[in-house]
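The values are calculated or read from the model by the stated rules, or taken from the named source; none is laboratory data. None of the values given here were measured: they were computed from a predicted structure. Glycine also receives a Cβ, built like all others from the backbone with ideal geometry; neighbour counts cover every protein chain displayed.
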Amino acid sequence: MALTLGRPSPPRHGASEHGTPHGLLGWITTTDHKRIGLLYIGTAFAFFVVGGVLASLMRLELAEPGRQVVDEQQYSQLFTMHGSVMMFLFAVPMASGLANYLVPLHVGAPDMAFPRLNALSYWLFVGGGLVMLSGFLTEGGAADFGWTAYTPLSSGLYSPGNGADLWLTGLALLGVATTLTAINVVATVLTLRAPGMTMFRMPIFTWTFFVTSLLVLLGFPVITAGIAMLFVDRQFGGAWFDPARGGDPILWQHLFWFFGHPEVYIVALPFFGVISEVVPVFSRRPLFGYKAFVLATLAIGAYSVATWAHHMYATGAVYSSFFAATTLIIAVPTGVKIFNWIATMLGGHIVPDTPMLFAISFIIIFLIGGLTGPMLAIPSFDLHVTDTYFVVAHMHYVLLGSAVFAMFAGLYFWWPKFYGHRLRESWGRAQAALLFVGFNITFFPQHLLGLRGMPRRYADYPADAGFTWLNLLSSIGALLMVVAVSLFLVNIWISRHDPPAGDDPWGGNSLEWATTSPPPVHNFDRVPPVRSERPAHDLAVARAAAAAAADAVDEDGTGPPRADADEGAS
C-alpha cells in the first residue's frame, strides 16, 4: 500500500476528535471515504506491480525462441494471472479508489451514502485478490486456462486442481466488492448532492463513474451467476457447460462477454473522466461540449451491452452482422470524447505539467487502440487475427493504455489533494516520456506479430518464423516501462518532505479544490455555492474580484470596505 504512506498534512479536524483510532488500527477500521479511497489506490497499485512482474516474466520468455525462464504450464499460469490481475485487481479497483476519494467531494457530500458498506467493499476486494493469487501456493499452481476461463478448458477435467477453484472464488468476492461500491456511488450521487449541484453540474469524472456503476450493476451479477454455474460443474457434477451431458460451452462465452464487454467500458469510462478533469485545468478553459460529453457517456453505457458477441465471431454461434453494426456505432460516441478533448486544448492555453503530459499520452495511445477497434469489428478481418498478437496489441492500447496513462495523470493531479504536496515535475516528466516510448515499443510491434500469424498464449515460437526481432523489441520496451514505473516510486519517496502545495495548486474546477489539502474529516467546513459545472473556479474568480476591489479601495481611500472573499462568492 505504498501510495497510502505519503506524508499527509495535518487535517483541520483531528481524528481523535471523532473517535477514530490513530496509526495502523485507524487505517484498518476506517469508514472515511478518503482513507478508503487511498487504501484502494495503494492496494490496486500494489497489484499493478504484481501484474507487471508476471508480464515481465512472460516477455523474458518470449524475447527469443526456446525456453528461457518458465515451461509451458508455468507460462499458461502467468498468462492467466497477469490478465486477471490487471483487469480485476488493478484497473477496476484503481478507478474505484479514485471514485471513493473524489465522488463525495465532487458532489459536496460529507461521505459516501453507506460508509460501513464502503469499508466492507474494500476488504472484500483485498480478500478476493489474495484468494485469487493464493493459487500459486497450491500443489498444481495457479489457474492456467486464460483470464476468460473458456469452457471446457476451465472444467475439472482439463483444469484440475485448487488453483482454478481459488480463481473462481476470488473473482466472486471481487464481483461482490465492486457491486457494493457501485451501489454506494449511485446512492451518493442521487441523494447527497449539495444545493445547486444538479446532475448537469457534476464533474465529468463523477458522471463517468456514475454510468460505470450502472454498468457494474447490470454486468457483474451475470458473471457471478456464471462463476457459480462453473463452480457447480467443477465441484458438484453439474452439467451447465458439459456438452456430453446436455450442456453448452458457448453459454459460458455469452455469460462472460455479456459482462466482459461492458467491463471494457467499466475500465475505460472512469479514466475518460480523469482525463476530462485534467485537460480543462491545464488548457485553462472549460471542457468543450460538456453536455455532449455527458450524452456520449450515456450512449456508450447503453451500446456497451449490445456488442458483447463481437468476441465470439470465430464460434460461428452469433449473428455477426448485428454485432458488427453495434460495435461500429459505439465508436461514434467514443470519438465524440476525443474531439471534446482536442477542441478543449485547441481553444485554450496548454500548460505542459506532468498531469497534462500523461493526459496527452493517453489520448494518443487510446486513439491508436480505437483505430484498430473498428478493424476487429469486421467479421472477415477478425477471423484472420483471432487469437493472434494483433488482439493482444489492441487490448493493451485500449485497456492498459487508458488505465495506466490516465492513472498517472490522475495521481500527479490529485496528489496535492491527497497529501498536501506535489510530486516533483522533473521526475514526472521523465517518467511520462519513458513510459510513452516504452509502451509503444512494447505493444506496437505486436500488431505486426499478429498480422504475421503469431498466436497468443504460446510460450515459444520457431526461430525461422520471422517473430524473433519483433519479440525482442517488445521485451526491450517492457523493460523501459518497468524503469518508468520505478521512477514514480522514487518520486514518491524523494518528494515526501516537500513543502505544502496549497489547497489549489493547479487552479482546479471542481469542488475538491475548494477545500483544504488534505480535506477535513467531513470534507467541507462550508460548501461553496454551486452555480456551474466549475464551482471551485467560480469561487476563485469571486475571491480575486473581491481582493481587487479591496485593493482599489485601499489605494484611493474612498468607498466602503468590501465584504470578504467568501461572502462575495456566496
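Values as computed for the structure displayed
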| quantity | calculated |
| --- | --- |
| Flag if residue 369 is closer than 30 Å to residue 423 by Cα, modelled with pLDDT under 95, surrounded by 20 or more Cβ atoms within 10 Å (Cβ to Cβ) and of a type outside the set (Val, Ile, Thr) | yes |
| Residue check, residue 200 touching a Lys or Arg at 6+ places or on another chain (Cβ under 9 Å), surrounded by fewer than 24 Cβ atoms within 10 Å (Cβ to Cβ) and outside any loop (DSSP other than H, G, I, E, B) | yes |
| Selected residue [surrounded by fewer than 19 Cβ atoms within 10 Å (Cβ to Cβ) and at pLDDT 95 or above] from 46, 2, 15 | 46 |
| Which numbered condition residue 263 misses (of (1) part of a helix (DSSP H, G or I); (2) crowded, with 24+ Cβ neighbours inside 10 Å; (3) in contact with an Asp or Glu (Cβ under 8 Å, 6 or more places away or on another chain)) | (3) |
| Leading residue by the ranking (farthest from residue 507 (Cα to Cα)) among those in segment 522-546 that are under 30 Å from the mean Cα position of the chain (by Cα) and surrounded by fewer than 17 Cβ atoms within 10 Å (Cβ to Cβ) | 522 |
| Residue that is farther than 22 Å from residue 128 by Cα, over 15 Å from the mean Cα position of the chain (by Cα) and either charged (D, E, K, R) or at pLDDT 95 or above (or both), where the choices are 217, 251, 230 | 251 |
| Matching option when the condition is in contact with a His (Cβ under 7 Å, 6 or more places away or on another chain) and either modelled with pLDDT under 95 or more than 30 Å from residue 55 (Cα to Cα) (or both), among 184, 100, 118 | 118 |
| Pairs, first part of a helix (DSSP H, G or I) in segment 133-152, second of a type in the set (Asp, Glu) and modelled with pLDDT of 95 or more, C-beta under 9 Å, six or more apart | 135/165 |
| Residue match in segment 314-324 (condition: in a helix (DSSP H, G or I), out of contact with any helix residue (DSSP H, G or I) (no Cβ under 7 Å at 6 or more places or on another chain) and aliphatic (A, V, I, L, M)) | no |
| Check on residue 347, modelled with pLDDT under 95, under 23 Å from residue 376 (Cβ atoms) and surrounded by fewer than 14 Cβ atoms within 10 Å (Cβ to Cβ) | no |
| Among the candidates 304, 320, 276, residue that is within 29 Å of residue 380 (Cβ to Cβ) and under 20 Å from the mean Cα position of the chain (by Cα) | 304 |
| Long-range neighbours under 6 Å by Cβ, at least six apart or interchain, first residue in a loop (DSSP other than H, G, I, E, B) within segment 482-500, second exposed (fewer than 13 other Cβ atoms within 10 Å of the Cβ) and modelled with pLDDT under 95 | 496/7 |
| Close pairs from segment 307-320: first surrounded by fewer than 21 Cβ atoms within 10 Å (Cβ to Cβ), partner of a type in the set (Asp, Glu) and not in a loop (DSSP other than H, G, I, E, B), Cβ under 8 Å, at least 6 apart | 314/382 |
| Residue 94 being closer than 30 Å to residue 392 by Cα and under 14 Å from the mean Cα position of the chain (by Cα) | yes |
| Any pair with Cβ under 7 angstrom, 6 or more apart, that starts in segment 97-116 at a residue that is among the aromatic types (Phe, Trp, Tyr) and ends at one that is part of a helix (DSSP H, G or I) and surrounded by 19 or more Cβ atoms within 10 Å (Cβ to Cβ) | 101/33; 101/34; 101/37; 101/38; 114/184 |
| Selection from segment 512-533 of residues that are more than 30 Å from residue 435 (Cβ to Cβ) and either of a type in the set (D, E, K, R) or not in a loop (DSSP other than H, G, I, E, B) (or both) | 514, 525, 526, 531, 533 |
| Residue 27, sole failed condition from (1) buried (at least 16 other Cβ atoms within 10 Å of the Cβ); (2) modelled with pLDDT of 95 or more; (3) touching a Ser or Thr at 6+ places or on another chain (Cβ under 8 Å) | (2) |
| Candidate set from segment 476-502 (those that are of a type in the set (Gly, Ala, Ser) and either in contact with a Pro (Cβ under 6 Å, 6 or more places away or on another chain) or under 27 Å from residue 400 (Cβ atoms) (or both)); member that is surrounded by the fewest Cβ atoms within 10 Å (Cβ to Cβ) | 486 |
| Residue match in segment 329-338 (condition: surrounded by 18 or more Cβ atoms within 10 Å (Cβ to Cβ), in contact with a Leu (Cβ under 7 Å, 6 or more places away or on another chain) and among the β-branched types (Val, Ile, Thr)) | no |
| Single residue of 547, 536, 552 found to be modelled with pLDDT of 90 or more, out of contact with any strand residue (DSSP E or B) (no Cβ under 7 Å at 6 or more places or on another chain) and aliphatic (A, V, I, L, M) | 536 |
